[in-house]
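Following: one structure in structure tokens, then a few remarks.
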Amino acid sequence: MTFNQLNLEKELISNLNSLALTHLTPIQERSLPKALQGEDIVAKAKTGSGKTIAFSLPIIHTLNVKEFRIQSLVLAPTRELANQIANEIRKCSRHIHNVKVLTLCGGVPFKPQVASLYHGAHIVVGTPGRILKHIQEKNLDLNHIKQFVLDEADKMLDMGFYEDIEKVIEALPIKRQTMLFSATYEENIQALANEVMHNPSFIEVEEEEKPFIQQYFYEVNEHQKTAFIPALIQNHEAQSTLIFCNTKVQCDEVADELYNMGLDVLTLHSDLEQKERDETITLFAHKSYPILIATDVASRGLHIDDIDLVINYDLARDEKVHTHRIGRTARAGKGGLSISLFCENEVSYAQELSEFFDHTVKESIENISNEKDFIIDAPFRTLFINGGKKQKLRKGDILGALTAGVGLKKEQIGQIDSFDFCSYVAVKKEVIKEALEGLSNNKIKGKYFRVFEK
């Protein structure tokens, strides 16, 4: 099924096509016709299945941009996911002028959010705790909400947000459309759906093929774990590796050890400010660093394609967390590769964990050799530009400055990301100096911007 077959405006379909979105995924095909009719839906959908589009299009379809008040509210479990949802909605609605999508998440200053709310918004995306705080302080007027979305509802309940969600719902109009998306459909999700929805349609894509993920389990000595990581990456020739630790302290320790081995690494955990977290995710997505070490803050809502290898430095605490971790290496229906390390006192748990999944192999770490001729490095480097959306600096402006201005070929330029006050562009490492000097010494869209290598 194509988007042309849906009852959508021509401008919206044209915009989707420009984003290379032509055919619906299975979850979109089954949910969108009902959602566009204003029905409540409960959809069992995993990360990477296209669910964000499934609830974004009904929001955009009914949006009255001339009515400058909050018309849709989306709740997500983490800041990362909330920001990615907001960006997806912005891209899908870019054919409409002056749409304001606002993110309200914890872990960032509260007062600037109050100021943004004072100036109004059409769509709000946020985490339950911060949304509830704004409601309690009467910063949020939700009386005109048409759609309410709970994304990754199972994760929000696992994180203890049930009461917060209930209180948020009490502030919403009774007459509204509610869409709930969850990777599982257990009793707590069913209870929530029964409480907040009116005669919902339940949607599950049973025929959806599970991506093939080859898993290896290696028993190692606790003090030798980090020493084996370079060899594991080299053996599988992974250009992009995501390593999971259970604590932020462990993340930093592993990062320090790998850095001392001469490897470029990034870390992602709750101690980082939101700007730092956004930059870290951007640099890794740009393939400017070969290794990202993260806690489970990144196991959900981290939408980065083409991660070659996931390494569980510490075993996940349960099979659900393990599933979300290894799923980072199998996005967009592609297969993937996962390696889990365990110690002598974890043998029984590792065995139990591996039995939950197909395609698992237990091998001896002694079979791993670091003699393979593979260099652990990233193909790109990223430039930071001190200008973004607020300065009317668009991705096309940066691309044009690098091609027409500096003389780079399009294939030498990678991903470009633009934020409110800054932008990032990935450039092949062979031409990074040429790109840096060219952007620093020449105007972009008639202005000089400060440019740094990250």
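The values are calculated or read from the model by the stated rules, or taken from the named source; none is laboratory data. If you're wondering where the values come from, they're calculated on a predicted model, not measured in any experiment. Note that each Cβ is placed from the backbone with ideal geometry, even for glycine, and that neighbours are counted across all protein chains shown. SASA here: full protein model, heavy atoms, side chains in, ligands and nucleic acids out. Shrake-Rupley method; radii C 1.70, N 1.55, O 1.52, S 1.80 Å.
Criterion applied to Thr323, Thr329 was being of a type in the set (S, T, N, Q), outside the structural domain of Ala82 (by the TED database), surrounded by fewer than 20 Cβ atoms within 10 Å (Cβ to Cβ) and at pLDDT below 95, and the one residue passing it is Thr323. For the stretch 420-436, the set of residues classified as out of contact with any strand residue (DSSP E or B) (no Cβ under 7 Å at 6 or more places or on another chain) and closer than 21 Å to Ala378 by Cβ consists of Glu430, Val431, Lys433, Glu434, listed by residue number. From the list Val65, Val108, the one residue that fits, being of a type in the set (A, V, I, L, M, F, W, C) and over 26 Å from Lys155 (Cβ atoms), is Val65. Would you call Leu104 touching an Asp or Glu at 6+ places or on another chain (Cβ under 7 Å), surrounded by 17 or more Cβ atoms within 10 Å (Cβ to Cβ), under 24 Å from Asp296 (Cβ atoms) and in contact (Cβ under 8 Å) with a residue 24 or more places away in the chain? Answer is no for this residue.
Among the residues of the stretch 149-176, those that are open to solvent by less than 10 Å² (accessible area, probe 1.4 Å) and either closer than 21 Å to Lys34 by Cα or of a type in the set (Asp, Glu) (or both) comprise Val149, Leu150, Asp151, Glu152, Ala153, Asp154. Among the residues of the stretch 1-58, those identified as farther than 28 Å from Thr184 by Cβ and among the polar types (S, T, N, Q) are Thr2, Asn4, Gln5, Asn7, Ser14, Asn15, Asn17, Ser18, Thr22.
Each residue in the stretch 400-417 was checked for being part of a helix (DSSP H, G or I) and touching a residue at least 24 places away in the same chain (Cβ under 8 Å), and 4 pass. The set of residues from the stretch 369-414 being within 24 Å of the chain's Cα centre (by Cα) and open to solvent by 80 Å² or more (accessible area, probe 1.4 Å) comprises Lys389, Lys390, Arg394, Lys395.
Just one of the listed residues (Thr2, Thr22, Thr78) is in contact with a His (Cβ under 6 Å, 6 or more places away or on another chain) and either β-branched (Val, Ile, Thr) or closer than 29 Å to Gln113 by Cα (or both), namely Thr2.
Checked against (1) at pLDDT 95 or above; (2) touching a Ser or Thr at 6+ places or on another chain (Cβ under 6 Å); (3) in a strand (DSSP E or B), Ile59 meets all criteria but (3).
Could you check, for the stretch 73-81, whether at least one of its residues is more than 30 Å from His269 (Cα to Cα) and either outside the structural domain of Phe161 (by the TED database) or at pLDDT 95 or above (or both)?
No, the conditions are met nowhere in the stretch 73-81.
Out of Glu80, Glu67, one residue alone is surrounded by 21 or more Cβ atoms within 10 Å (Cβ to Cβ) and not hydroxyl-bearing (Ser, Thr, Tyr). It is Glu80.
Across the stretch 187-210, which residue is surrounded by the fewest Cβ atoms within 10 Å (Cβ to Cβ) among those that are at pLDDT 80 or above and assigned to a loop (DSSP other than H, G, I, E, B)? This residue is Asn199.
The residues of the stretch 22-64 that are open to solvent by 50 Å² or more (accessible area, probe 1.4 Å) and in contact (Cβ under 8 Å) with a residue 24 or more places away in the chain, listed by number, are Pro26, Glu29, Arg30, Pro33, Lys34, Glu39, Lys44, Lys46, His61, Thr62.
Here's the yes/no breakdown for (1) open to solvent by 50 Å² or more (accessible area, probe 1.4 Å); (2) hydroxyl-bearing (Ser, Thr, Tyr); (3) within 25 Å of Val265 (Cβ to Cβ):
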residue: Gly336; (1), (2), (3): no, no, yes
residue: Asn345; (1), (2), (3): yes, no, no
residue: Ser354; (1), (2), (3): no, yes, no
residue: Lys362; (1), (2), (3): yes, no, no
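If you go through the stretch 1-21 and keep only what is outside any helix (DSSP H, G or I) and open to solvent by less than 30 Å² (accessible area, probe 1.4 Å), you end up with Leu6, Leu8.
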